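Worksheet: one structure, shown below.
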Amino acid sequence: MSDLPARPLGRLGDVEITRLRRVGERRGAELAELGLRTVLDLVQYYPRTYVDRSRRAALDEVAVGDQVTVTGEVQRVSARRTRQGRSLVQVVIGDGSASLTISYFNQPWRERQLTAGAQVLVFGTVDDYRGTRQMTNPVTDVLVGSQDAEAGTPSRVGRLVPVYPTSEKLSLSSWEIGALVEEALRRAGPVLDPWPAEVVSSLGLVDRSTALWAIHVPRDQADQQAARERLAFDELLRLQLALALRRRQVELFGHGVAHRVTPRAPGSEGDGDLVSRLLARQAFVLTQAQQRVLREILDDLAAPVPMHRLLQGDVGSGKTLVATAALAAVVDDGFQGALMVPTEILAEQHLASLQRDLGDLTRHDAGALGGRRGVEVRLLAGRLGAAARRATLAGLATGQVDIVVGTHALLSESVQFHRLGMVVIDEQHRFGVDQRAVLRDKAWGSQEGTVDPDLLVLTATPIPRTAALALFGDLDRSVIDELPAGRVAIATTWAPTPQAAAAAWRRVRSEVAAGRRAYVVCPLVEEGGKVEATGAVAEFARLAESELAGLDIGLVHGQMPAAQRDAVMEDFRAGRLGVLVATVVVEVGVDVPDATVIVIEDAWRFGLAQLHQLRGRVGRSTWPSWCYLLGEAPAGDSQRRLEALVATTDGFALAEVDLELRGEGAVLGSRQRGRSDLRLASLVRDAALVERAHHAARDLVATGGADAPAVREELELLGEDVAYLFKS
Ligand code: ADP
Ligand code: MG
């Protein structure tokens with residue numbers, strides 16, 4: 001084996017799985033259904049778990065009530081229908097010590113899957129049916145199919161038995177997959193280690209070939225863990241390297257517009273620039289944190305490379321004004337700015353506040369523009385009529401419009417800028433991954449002869465540091481870690497009973513009577529859209545007749561005509577309406593400082609991040625504020641979410657809880673799912689490994705090690721075109 005030259009892992013992707021000895025057409029099709037088409041797919045198809053054969057419970061030891069993993073050989077299978085018409089497959093397994101009956105309801109395929117002689121691994125709770133121990137619908141893996149057993153006792157099953165994910169509907173057993181993996185590994189021969197040997201050894205990692213064998217055929221636990229660490233590290237390092245190289249690319253080749261922006265100190269007096277005048281007219285002064293991050297942003301704008309900055313700040317920390325100041329700086333230097341937001345309500349709000357803050361301020365080069373007045377801010381959103389839309393597009397193309405605010409409509413092809421200087425994305429976590437990619441291209445794509453605009457990404461979703469590194473390792477980060485002075489923590493109550501809810505409605509009444517405002521958020525409906533709107537209309541009518549009778553109540557939902565919705569928002573803002581009944585359209589960004597109560601119905605249906613955002617609609621002034629979470633919650637995660645929310649208003653703490661409860665795939669969006677990026681690595685469990693990969697990537701880029709052909713080939717495993725990241 002060792003006389004074979006080591007091959008880069010990626011080359012195994014060129015070998016079709018059907019080239020393996022035991023894979024014919026039918027097997028090939030089944031494997032394809034598991035996403036396995038090449039030998040590379042196969043060797044990276046890691047076991048879901050391992051069973052330690054020395055630790056399994058024997059069947060005569062398990063008692064009713066135990067939650068256990070047992071293995072056994074299928075002895076008898078029978079299938080019938082129950083009196084209620086449900087399909088029932090019953091299987092008896094034995095392990096020499098005793099036997100156990102397993103009942104599968106509504107899983108008719110089990111009859112084909114579990115044939116006599118197959119060895120199965122079963123995880124579930126033992127119950128008692130008419131005096132007999134049995135299990136109902138347990139998690140079941142076929143370790144060795146009956147046909148495999150006939151082919152001879154599998155020799156490869158050591159002490160730790162790998163359990164491969166397989167679909168119940170396929171006839172493939174975990175053992176068969178394992179046997180194919182082993183054949184693939186044997187035929188592949190030694191696999192090249194793409195990283196410099198010093199890096200691997202200084203991090204105490206095993207080499208790649210060893211790791212690939214040991215993850216599939218571990219001798220013992222330690223063996224398997226070392227393998228996992230190595231392979232997880234590789235996944236993280238690939239990602240971090242791509243990010244670090246992208247960053248280098250921008251620094252080397254980005255044609256920043258930034259150096260044309262005059263360096264300035266925030267709030268500096270005298271020069272009368274737009275930023276100073278904008279800040280001077282606010283009713284408050286910037287917090288220390290706002291000043292610091294604005295300083296960082298203005299420094300970026302004055303630097304010769306384009307800015308790539310993530311501005312993180314908890315909900316209500318005052319990101320808008322910082323972004324507005326940055327836009328003002330860019331406009332002051334003769335460039336255009338674009339502000340992209342996830343909802344139309346938010347677009348309207350930003351449009352209004354930008355027009356209020358900047359609309360009447362004159363740029364210092366106004367003379368050169370023929371004495372043009374003020375900063376021209378326009379909206380680009382789905383609701384615009386054709387004529388208005390054309391006018392805005394024309395203004396952007398000629399440079400008449402300085403700032404455009406819009407939803408994802410901004411991403412459409414027809415939007416052309418005269419001199420786009422900066423793109424700001426607000427509430428970026430609400431944008432889909434695909435939209436993010438388009439924006440990144442629009443904002444960053446270095447087409448010949450064009451300039452890269454600066455990019456500022458705002459998010460309130462506090463991403464834990466490890467996740468931020470994995471997702472935004474190529475962005476600089478500014479953090480607003482302080483709320484404006486005088487904010488009082490929002491008193492949060494979980495009110496599961498009608499009596500407790502009554503207190504919430506009393507609070508709504510007393511606050512509205514005192515001149516403040518309240519939101520009532522309607523339950524989330526799974527189907528969303530029209531159904532949600534209908535629910536909101538009904539709830540609005542119900543509340544107006546019952547709990548909130550006599551108050552001035554408005555309603556907004558996503559299916560309303562835009563003009564009507566804007567009018568309601570305006571009435572609420574101005575205080576003509578005391579209560580706003582709303583669907584989640586108010587989830588992000590909406591800023592009505594006089595609102596002090598938010599009542600969230602059926603709160604358990606909302607995600608933790610979403611609840612935190614909704615709660616952030618209040619507590620935006622120096623008034624005390626309240627948040628009421630109504631409704632009972634199913635035991636488990638739903639309750640833990642509500643409890644966490646009651647316990648803290650700190651978004652970072654909540655993000656950690658969220659990551660723990662849901663896992664990173666769900667938290668970070670689809671990026672990590674369905675892609676080969678992270679199969680083993682976990683951002684929660686492997687926080688330390690993420691850090692190590694981050695530093696290793698930086699070092700490799702700094703020392704030039706990243707430009708080695710092996711590294712380049714390795715990054716192709718990410719499945720993106722990475723050629724442009726390299727020097728030659
Ligand atoms: P977010 O960071 O959630 O986007 P906003 O920018 O909407 O927060 O700001 C929340 C509220 O705080 C707004 O009403 C805003 O006018 C106000 N605000 C922003 N900065 C300050 C400050 N330095 N002092 C007092 N209030 C501020
Ligand atoms: Mg905001």
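The values are calculated or read from the model by the stated rules, or taken from the named source; none is laboratory data. In this text the structure is predicted, and so the values were computed from the model without any measurement. Positions of Cβ are generated from backbone atoms using ideal geometry, with glycine treated the same way; all protein chains shown enter the neighbour counts. Keep in mind that these areas ignore ligands, DNA and RNA; they rest on the heavy atoms of the full protein, side chains included. Shrake-Rupley method; radii C 1.70, N 1.55, O 1.52, S 1.80 Å.
Would you pick out the residues in region 310-338 that are within 16 Å of ligand 2 (Cβ to nearest atom) and open to solvent by 10 Å² or more (accessible area, probe 1.4 Å)?
Answer for region 310-338, where residues must be within 16 Å of ligand 2 (Cβ to nearest atom) and open to solvent by 10 Å² or more (accessible area, probe 1.4 Å): 314, 315, 316, 318, 319, 320, 321.
Would you call residue 575 within 16 Å of ligand 2 (Cβ to nearest atom), touching a residue at least 60 places away in the same chain (Cβ under 8 Å) and on the phi > 0 side of the Ramachandran plot?
Values: within 16 Å of ligand 2 (Cβ to nearest atom): no; touching a residue at least 60 places away in the same chain (Cβ under 8 Å): yes; on the phi > 0 side of the Ramachandran plot: yes.
It is false that residue 575 is within 16 Å of ligand 2 (Cβ to nearest atom), touching a residue at least 60 places away in the same chain (Cβ under 8 Å) and on the phi > 0 side of the Ramachandran plot.
Does any residue in region 313-331 that is within 11 Å of residue 421 (Cα to Cα) come within less than 6 Å, Cβ to Cβ, of a residue that is near ligand 1 (Cβ under 6 Å from one of its atoms) and not basic (Lys, Arg) six or more places away or on a different chain, and which pairs are these?
Here the result reads none, with nothing in region 313-331 linked to a residue that is near ligand 1 (Cβ under 6 Å from one of its atoms) and not basic (Lys, Arg).
Going by the conditions given, is residue 424 under 30 Å from residue 400 (Cα atoms), within 16 Å of ligand 2 (Cβ to nearest atom) and modelled with pLDDT of 80 or more?
yes
May I ask you to list the residues in region 685-715 that are small (Gly, Ala, Ser) and on the phi < 0 side of the Ramachandran plot? Walk me through how you get there before you give the answer.
We begin by selecting, within region 685-715, every residue small (Gly, Ala, Ser); these are 687-688, 693, 696-697, 702, 704-706, 708, 710.
Answer for region 685-715, where residues must be small (Gly, Ala, Ser) and on the phi < 0 side of the Ramachandran plot: 687, 688, 693, 696, 697, 702, 705, 706, 708, 710.
Does region 637-644 contain at least one residue that is more than 16 Å from ligand 2 (Cβ to nearest atom), part of a loop (DSSP other than H, G, I, E, B) and open to solvent by 10 Å² or more (accessible area, probe 1.4 Å)?
There is no residue in region 637-644 that is more than 16 Å from ligand 2 (Cβ to nearest atom), part of a loop (DSSP other than H, G, I, E, B) and open to solvent by 10 Å² or more (accessible area, probe 1.4 Å).
Filtering region 557-581 down to residues that are assigned to a loop (DSSP other than H, G, I, E, B) and over 14 Å from residue 536 (Cα atoms), which residue is modelled with the lowest pLDDT?
If we take residues in region 557-581 being assigned to a loop (DSSP other than H, G, I, E, B) and over 14 Å from residue 536 (Cα atoms), then 561 is modelled with the lowest pLDDT.
State which residue is nearest to ligand 1 (Cβ to nearest atom) when the search covers only region 283-309 and only residues that are open to solvent by 20 Å² or more (accessible area, probe 1.4 Å) and within 21 Å of residue 618 (Cβ to Cβ).
So, considering only residues that are open to solvent by 20 Å² or more (accessible area, probe 1.4 Å) and within 21 Å of residue 618 (Cβ to Cβ), the one nearest to ligand 1 (Cβ to nearest atom) is 284.
Tell me which of these residue 510 doesn't satisfy, since it passes every other one: (1) without any contact (Cβ under 8 Å) to a residue 12 or more places away in the chain; (2) under 25 Å from residue 344 (Cβ atoms).
That leaves (2) as the condition not met.
Taking region 599-634 as the region of interest, how many residues are within 16 Å of ligand 2 (Cβ to nearest atom) and closer than 20 Å to residue 491 by Cβ?
11
If the requirement is being surrounded by fewer than 16 Cβ atoms within 10 Å (Cβ to Cβ) and over 20 Å from residue 632 (Cα atoms), which of these qualifies: 529, 558, 554?
Unique residue meeting the criteria: 529.
Are any of the residues in region 225-247 open to solvent by 60 Å² or more (accessible area, probe 1.4 Å), assigned to a helix (DSSP H, G or I) and modelled with pLDDT of 85 or more?
Yes, there is a match, as at least one residue in region 225-247 is open to solvent by 60 Å² or more (accessible area, probe 1.4 Å), assigned to a helix (DSSP H, G or I) and modelled with pLDDT of 85 or more.
I'd like the full set of residues that are within 6 Å of ligand 1 (Cβ to nearest atom) and either of a type outside the set (Ser, Thr, Tyr) or closer than 20 Å to residue 359 by Cβ (or both), limited to region 313-331.
Correct list: 313, 315, 316, 318, 319, 320, 321.
Given the criterion at pLDDT 65 or above and touching a Gly at 6+ places or on another chain (Cβ under 7 Å), identify the matching residue among 713, 691, 660.
Criteria check complete, one pass: 713.
Would you call residue 380 under 30 Å from residue 614 (Cα atoms), in contact (Cβ under 8 Å) with a residue 24 or more places away in the chain and either within 16 Å of ligand 2 (Cβ to nearest atom) or surrounded by fewer than 23 Cβ atoms within 10 Å (Cβ to Cβ) (or both)?
no
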